[in-house]
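The values are calculated or read from the model by the stated rules, or taken from the named source; none is laboratory data. Quick caveat, the model's predicted, so the values are computed rather than measured. As a convention, Cβ positions derive from the backbone with ideal geometry for all residues, glycine included, and neighbour counts pool all protein chains shown.
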Amino acid sequence: MRACNIYTNKCFLVTFILYVMSQYSLSAQPDSLLISHKIDSLESLLSVSSDPHVRIPVLTRLADLNNQTPVEVAWLERCYEEACRIDSIPAVYFALLNLSRHYYNEYGLRDSILYWGRKIDSISKSRNEYPNALFDAKSYSCQDLLWSGEYEAALNEALNEYHLASEIGHPYGLVRCTESLGLIYKRLRRDSVAVVVFQEGIDMLDDMDCSEVKRRETRMRMSAYQAECATRVCPFEQALGIFKRYEAAVDSMAVMTMRTETFAHIKREYWLLYSSYADLYIREDMLAEARQMLAKANKYVGNVVVEGDYVENTYRATLAHYYRKTGNLSKAAQLMEEIFKTERIPIDLQFQAEVLEEQGRLSEALVLYDELNDMSLQRNKKTFIRQVNLLRALHELKNKEEQEHEMQVNKERMAEKQRQILFLSVVFIILLCLLYVLLLYYQRARRLKNELLKEKHSLLESENNLKCEKAKAEEASRMKSAFIANMSHEIRTPLNAIVGFSDLLVDGSGDPDEADMYASVIKNNTEQLLNLVNDVLDLSRMETGDLNFKFDDYSLTECCQRALDSVRHRIPEGVELTFTPDIIPVTLHTDKLRLLQILTNLLTNSAKFTQKGEINLSYKVDEDGKQVHISVTDTGCGIPKEKQSSVFQRFEKLDDYKPGAGLGLSICTLIADRLNGTFAIDPTYENGARFIFTHPCGMPSSTCNRQTGEVN
């Protein structure tokens, strides 16, 4: 206990000295100079101390400052030796794990990864414990196989790690193997599954038994993986939410690293974050936002602390995609060539080939396509060879087991064969005869059954066809009768008025006021007849699919004003025509002519049945900004509730003495459906009738929480 207290006190003293040394450095120095100054100070402290309790924290700090450099290996090996001298198991695990991590980040050094990982495994077994370092080392081994393209082997290691962590109930182990599984799905381009798996791992972080630094680092790393996958498969809003959580994880880690003076690596994470943000916005064609994120990421270019790993290539690739979107193909191609100096992965080769093709450099693009094809063939060949080797091993094992079993069975059979051969032959012949008879009977019965079923099916099908044809004929007859009955009345009435008042005009016996009145009546009946013909033609064209819609962006307020102006002369005296727009200006992507047709039909319909009071046209945007509700409300006679469901049917009229063919609301319903909207009656309004047309729109929800005003 006393030795432990001495060790704790010495570690506290060393930590205090390191903190004072870090504060002594000038904050205005560049990162590289600041790190160099700290390394010199720590080496000086190391040279004057021989106590392992003092040297281990210093060596740990030196390894951290020389992260992923050849010098780091030397510091970690010395830290391992010092930890073994005093039997400091946490320090031993730290040194071995970071050695494994170093070689994991250096591609192609699997033997070294396994060497240091086995040391951790050996020590943990001798102590009968399962430290976090053990699962970290297993994850490095699994992910190294993944980056090498050995997906089956990587999956097997991940599953073995999962079974071990589940069996002993190790939360940290479960998180690490979940991360490995997510990376496997990510590598196989099953990004939607990877997003879910990474989220499961993130949800388990709070249950991990580890330091707060480790927890935040793991959250940041898994959030980065999840954000990369979400960029490719998730809707923008969902992906943006994942990115916000990723950014919060990086900020949280930044606070922790500032507190512990391990700031060197957080800049790399911010570089990756802003590059990934830019990639998300580029995919959504939000180039202004992408440019802002690239400007933030550009601050880390040329920083020796963050350059030199895959983040630099990620930034270059994102910038290349941005230049391609903005039309600067030569700059995009130049950036990809910089990436190819360090790595050549299929997705980058595909992008560069497309850029060269757009530039007209077809021969160079063809070379890259050939390289892509060769890489695919090589990858498939390696997978095939691995599968063949596995099948061969399984086949050999199975053959050996079968041979041993067959030898045993043969010995047993030889003793019984002579006694049973005659009996079995007789029984076999009898069974064969019975089987033949049964087979003939079964075939005959099956043939008869199939013929009966086929005939029955044919009769049922004929009956159903006759019923359908009969129903269609009856419906056609009903529609024809209704059409003739309505058209004969609706066409005859305005024609009679036109002929009669035309005769009066030709007679010329009336005064000028009467002539104007006759002309007005003729005009109104002509418009009524024209509207009827247009309704019939529109209905016919919509049924046959010949009615074309031309979509563009239009102001809803202007459309409403035009509709009001077009029907104002039809409003009876004593009726007030009002307009209540939303306070928010709305622009719809719609067919202006068809939208005006709906509004005009509704306003005309209200004018027919309203003798006093008010006809109001209004619209209001949803809180989420996705839909706008356009309503026409009148104080007329209203529609009985029992007829509200049938009023949208063709030739349906509430009052046979009112002009109109009963086609207006039916046409409105068809047009609303083609505009991706809905058309309905408000059943709660009892002071007349209220028709509501809902049209989709794309407004930010933040602009929709305002009061509306009324304009008469």
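Can you find even one residue in region 163-170 that is touching a helix residue (DSSP H, G or I) at 6+ places or on another chain (Cβ under 8 Å), among the small types (Gly, Ala, Ser), surrounded by fewer than 16 Cβ atoms within 10 Å (Cβ to Cβ) and assigned to a helix (DSSP H, G or I)? Don't jump to the end; show me each part of the working.
Taking region 163-170 first, the residues touching a helix residue (DSSP H, G or I) at 6+ places or on another chain (Cβ under 8 Å) are 164-166, 170.
Restricting the remaining residues to those that are among the small types (Gly, Ala, Ser) gives 165-166.
Retained after the next criterion (residues that are surrounded by fewer than 16 Cβ atoms within 10 Å (Cβ to Cβ)): 166.
When the remaining residues are screened for being assigned to a helix (DSSP H, G or I), the result is 166.
Yes, the conditions are met somewhere in region 163-170.
Tallying residues that are within 28 Å of GLU152 (Cα to Cα), surrounded by fewer than 13 Cβ atoms within 10 Å (Cβ to Cβ), aliphatic (A, V, I, L, M) and modelled with pLDDT of 70 or more within region 338-396 yields 2.
The set of residues in region 197-237 that are in a loop (DSSP other than H, G, I, E, B) and among the acidic types (Asp, Glu) contains only ASP209.
With respect to the conditions (1) of a type in the set (Val, Ile, Thr); (2) touching a residue at least 40 places away in the same chain (Cβ under 8 Å); (3) not in a strand (DSSP E or B), THR600 falls short on a single one, namely (2).
Condition check ((1) at pLDDT 80 or above; (2) crowded, with 16+ Cβ neighbours inside 10 Å; (3) closer than 30 Å to VAL301 by Cα) across all residues:
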| position | (1), (2), (3) |
| --- | --- |
| LEU18 | no, yes, yes |
| ASP31 | no, no, yes |
| LEU45 | no, yes, no |
| ARG55 | yes, yes, no |
| CYS79 | yes, yes, no |
| LEU96 | yes, yes, no |
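For region 304-337, the set of residues classified as surrounded by fewer than 16 Cβ atoms within 10 Å (Cβ to Cβ), part of a loop (DSSP other than H, G, I, E, B) and either among the polar types (S, T, N, Q) or at pLDDT below 80 (or both) consists of VAL304, GLU307, GLY308, ASP309, THR326, ASN328, listed by residue number.
Would you tally the residues in region 576-595 being of a type outside the set (D, E, K, R), without any contact (Cβ under 8 Å) to a residue 60 or more places away in the chain and over 12 Å from SER618 (Cα atoms)?
Qualifying residue count for the region: 2.
For region 118-176, a residue qualifies if it is among the small types (Gly, Ala, Ser) and under 30 Å from ARG189 (Cβ atoms), and the qualifying residues are ALA137, SER139, SER141, SER148, GLY149, ALA153, ALA154, ALA158, ALA165, SER166, GLY173.
Residues of region 50-61 being closer than 12 Å to LYS38 by Cα and in contact with a Lys or Arg (Cβ under 9 Å, 6 or more places away or on another chain), which ones?
Quick first cut of region 50-61, residues closer than 12 Å to LYS38 by Cα only: 58, 61.
Result: ARG61, single match.
Is it the case that region 172-183 has a residue that's touching a Lys or Arg at 6+ places or on another chain (Cβ under 7 Å) and at negative phi? Within region 172-183 (the criterion being touching a Lys or Arg at 6+ places or on another chain (Cβ under 7 Å) and at negative phi), the answer is no, since none of the residues qualifies.
Taken over region 551-594, the residue count meeting the criterion of being of a type in the set (A, V, I, L, M), outside any strand (DSSP E or B) and under 27 Å from CYS637 (Cβ atoms) is 4. Would you say ASP136 is touching a Ser or Thr at 6+ places or on another chain (Cβ under 9 Å) and either hydrophobic (A, V, I, L, M, F, W, C) or free of Cβ contacts under 8 Å to residues at least 60 places away in the same chain (or both)? Yes; evaluated as a whole, the condition is true for this residue. Residues that are modelled with pLDDT of 80 or more and charged (D, E, K, R) were ranked within region 57-77; the one that is surrounded by the fewest Cβ atoms within 10 Å (Cβ to Cβ) is GLU77. Limited to region 578-593, what total is found for residues that are surrounded by 14 or more Cβ atoms within 10 Å (Cβ to Cβ) and in contact with a Ser or Thr (Cβ under 9 Å, 6 or more places away or on another chain)? The qualifying residues number 9.
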